[in-house]
1. Looking at D219, D213, which is the one that is free of Cβ contacts under 8 Å to residues at least 40 places away in the same chain, part of a loop (DSSP other than H, G, I, E, B) and away from the ligand (no atom under 14 Å from the Cβ)?
2. Looking only at the range 392-440, which residues are polar (S, T, N, Q) and within 16 Å of the chain's Cα centre (by Cα)?
3. I'd like to check something: does the range 319-334 contain any residue that is buried (at least 17 other Cβ atoms within 10 Å of the Cβ), within 20 Å of L262 (Cβ to Cβ) and among the acidic types (D, E)?
4. Which condition number does V329 fail, the rest of (1) within 11 Å of the ligand (Cβ to nearest atom); (2) within 30 Å of A182 (Cβ to Cβ) being met?
5. Quick one: what pairs do we get from the range 354-379, first residue more than 20 Å from V344 (Cβ to Cβ), second within 10 Å of the ligand (Cβ to nearest atom) and aliphatic (A, V, I, L, M), C-beta under 6 Å, 6+ apart or different chains?
6. When you go through L253, L247 one by one, which is the residue that is free of Cβ contacts under 8 Å to residues at least 60 places away in the same chain, in contact with a His (Cβ under 9 Å, 6 or more places away or on another chain) and closer than 22 Å to L180 by Cα?
7. Looking at the range 1-84, what strands (runs of 3 or more DSSP E) fall wholly within it and have at least 3 residues that are under 28 Å from L104 (Cα atoms) and touching a residue at least 24 places away in the same chain (Cβ under 8 Å)?
8. Mind listing whichever residues of the range 164-181 are closer than 17 Å to E229 by Cα and either assigned to a helix (DSSP H, G or I) or among the aliphatic types (A, V, I, L, M) (or both)?
Amino acid sequence: MARRRRKLPQEPVEATVESLSHDGRGVARVEGKATFIHGALPGERVLFRYTARRRNRDEGEVVKVLQASPRRVEPRCAHFGICGGCSLQHLDPAAQIETKQQTLLDAFTRLGGVAPDEILPPLVNETPWGYRRKARLGVKRVPKKGRVLVGFRERGSNYIAELERCEVLHPRVGHSLMALSALIGTLSIPDRIAQIEMAMDDEQCVLILRNLDPLTEEDREKLRRFGREHGFIFYLQPGGPETVAPLDRPADLHYRLPEFGLTFHFEPGDFTQVNSEINRKMVSRAMALLQPARSERVLDLFCGVGNFTLPLATLAGEVTGVEGEAGLVARARANAERNGLDNVRFHVANLYEPLEGEPWLKGRFHKALLDPPRSGALEVLEWLPRLRVERIVYVSCYPGTLARDAGELVRRHGYRLVSAGVMDMFPHTAHVESIALFEK
Ligand SMILES: C[S@@+](CC[C@H](N)C(=O)[O-])C[C@H]1O[C@@H](n2cnc3c(N)ncnc32)[C@H](O)[C@@H]1O
């Protein structure tokens with residue numbers, strides 16, 4: 001039997017907001033119950049309307065801000081609040097990163113039972129706009145709107161938001177959404193383009209069109225012309241990820257880490273860090289924390305195309321990079337060779353599986369760098385003391401798993417959490433990128 005939905009109170013309710021949730025909503029206690037209010041900031045008094053009531057928490061949406069936070073700012077984007085791409089544009093960027101630092105420290109306490117001896121100053125952007133160089137955009141022709149929508153999904157829904165431009169995507173794409181929308185509208189199969197994936201380097205921008213049906217020669221010619229006019233290189237993806245192929249010529253995407261004199265080549269579908277300015281600062285900070293020396297062997301786990309491995313190899317005696325995706329490992333090897341580094345080895349391995357017998361787990365590693373996906377690195381931690389690693393730098397895109405793993409490193413494996421800090425990799429979104437240093 002279907003449960004009857006309780007009717008939501010229609011009258012706006014007043015609340016004082018205490019903190020910010022990990023997804024950017026203001027949290028207040030209303031009649032003793034935690035209430036997550038979209039659009040509200042800590043310290044504010046607001047009128048809100050309920051959007052959902054549950055057993056242990058309620059949800060709502062601001063109707064009116066009665067007393068605004070001094071950190072509140074005017075969102076730059078006209079679609080803020082509707083588009084699900086950003087959740088913090090109404091908060092001053094300096095306050096955003098302070099909040100993220102608090103999120104990290106709270107996670108350490110709550111989920112890891114640890115605290116860093118030192119908090120590192122946050123790494124921030126010169127300008128927190130137009131930073132994003134990798135993204136997957138939804139595409140949908142909506143006859144009622146008379147056009148094709150290209151953009152992120154709406155907040156809390158599966159619909160594509162009706163965007164005209166985006167302020168966090170690199171402007172090459174962020175300011176071309178309407179042009180892309182018009183282009184797809186002129187193709188023979190506007191209903192059969194499911195998404196556009198962007199990947200760019202310092203000069204070139206690749207757009208991978210996920211085409212569910214074949215394109216005609218006329219369609220292809222339209223893409224070519226558009227590409228020439230707007231500076232895009234088109235790829236098509238008629239099936240799974242393995243079917244991605246250039247429309248004409250392949251792009252030669254590459255990014256640089258000038259501090260280390262390194263250039264990295266990558267394929268449009270490869271994992272690369274989305275924010276190149278913060279990536280440069282992050283790699284420098286990781287090297288400063290780890291301090292690899294010529295006499296040392298270093299392990300780089302979840303190494304991708306070698307973003308940390310190669311800088312490590314310019315400083316350490318010998319470096320071993322391990323990564324689960326064979327394609328990324330192939331790119332990492334080629335990158336080492338092109339940069340003239342012969343003290344680095346790469347291996348393909350699933351780091352969530354038992355590693356006993358892996359050929360690279362031999363001898364002593366003095367230091368290790370870990371940069372896992374959201375799910376963390378719990379499975380490999382036991383190897384660090386076994387390999388006699390004395391210093392670990394852990395880069396994380398999810399405080400919850402970093403905190404859990406920190407608890408494990410400290411209590412079970414005898415490391416000390418020396419320092420930790422946040423990095424503004426994803427301004428205006430609720431994503432938190434952080435870095436932590438552990439020592440034996
Ligand atoms: C956050 S990225 C970091 C990549 C690289 N360190 C960088 O800075 O560009 C995480 C990497 O972990 C890899 N990965 C995900 N699951 C894995 C697994 N089970 N075993 C090994 N690597 C995995 C991904 O392919 C990805 O390259």
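Taken together, the values in this text are just the output of simple stated rules run on the coordinates, not laboratory data. In this text, all values refer to a predicted model and were calculated from it rather than measured experimentally. Here the Cβ is made from the backbone with ideal geometry for all residues, glycine too, and neighbour counts use every protein chain on show.
1. D213
2. Scanning the range 392-440 gives S396, T401, T429, S434.
3. Yes, because at least one residue in the range 319-334 is buried (at least 17 other Cβ atoms within 10 Å of the Cβ), within 20 Å of L262 (Cβ to Cβ) and among the acidic types (D, E).
4. Here V329 clears every test but (2).
5. Close Cβ pairs satisfying both conditions: A377/L370.
6. L253
7. Because the criterion is at least 3 residues that are under 28 Å from L104 (Cα atoms) and touching a residue at least 24 places away in the same chain (Cβ under 8 Å), the strands (runs of 3 or more DSSP E) in the range 1-84 that meet it are 13-20, 33-38, 45-53, 58-67.
8. P171, R172, V173, G174, L177, M178, A179, L180, S181, listed by residue number.
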